[in-house]
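The values are calculated or read from the model by the stated rules, or taken from the named source; none is laboratory data. Not measured: the values here are computed from a predicted model. Glycine gets a Cβ as well: all are built from the backbone with ideal geometry, and neighbour counts include every protein chain shown. Side chains are part of the model used for accessible areas, which takes the heavy atoms of the whole protein and leaves out ligands, DNA and RNA. Shrake-Rupley method; radii C 1.70, N 1.55, O 1.52, S 1.80 Å.
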Amino acid sequence: MREWQLIFGSTLKEALGDIEALASDGSPQNQALNWLAEEDKLFLPMDDSALETLIQRFVLTTLYFLTGGADWSNPLNFLSGASVCNWNNGNMG
């Protein structure tokens, strides 16, 4: 695992439990972890101040990858830099 994976992984492990799925290449959880660390435009700080937001983004991003979000006919604003509260708003740019 790379350093960022260990930081995010340990934070999520404390919050969610099992780290095995996070480390499994190609799993929806691993894809979500990679997206949060490398592509998320929100740029969350890696400390406890953003833990609730990190968990929300991780759970919804995992759902996106689990359900084939890249193939959705209307992906709304999933995986955008917006708050997850706005991910269901397909009109945002």
- So what does residue 59 come to for accessible area, using a 1.4 Å probe and Å² rounded to 10? 80
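Contour minus end-to-end for residue 55 and residue 41, with contour as 0.36 nm per residue of separation and end-to-end as the Cα-Cα distance?
Full extension from residue 55 to residue 41 adds 3.5 nm.
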- For the pair residue 85 and residue 25, how long in nm is the line joining their label points, each one 7 Å along Cα→Cβ? 4.0
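Can you tell me the dipole magnitude for the stretch 22-78 around its Cα centre, using point charges on the Cβ only (Lys, Arg +1; Asp, Glu -1), in Debye to the nearest 20?
So the magnitude is around 160 debye.
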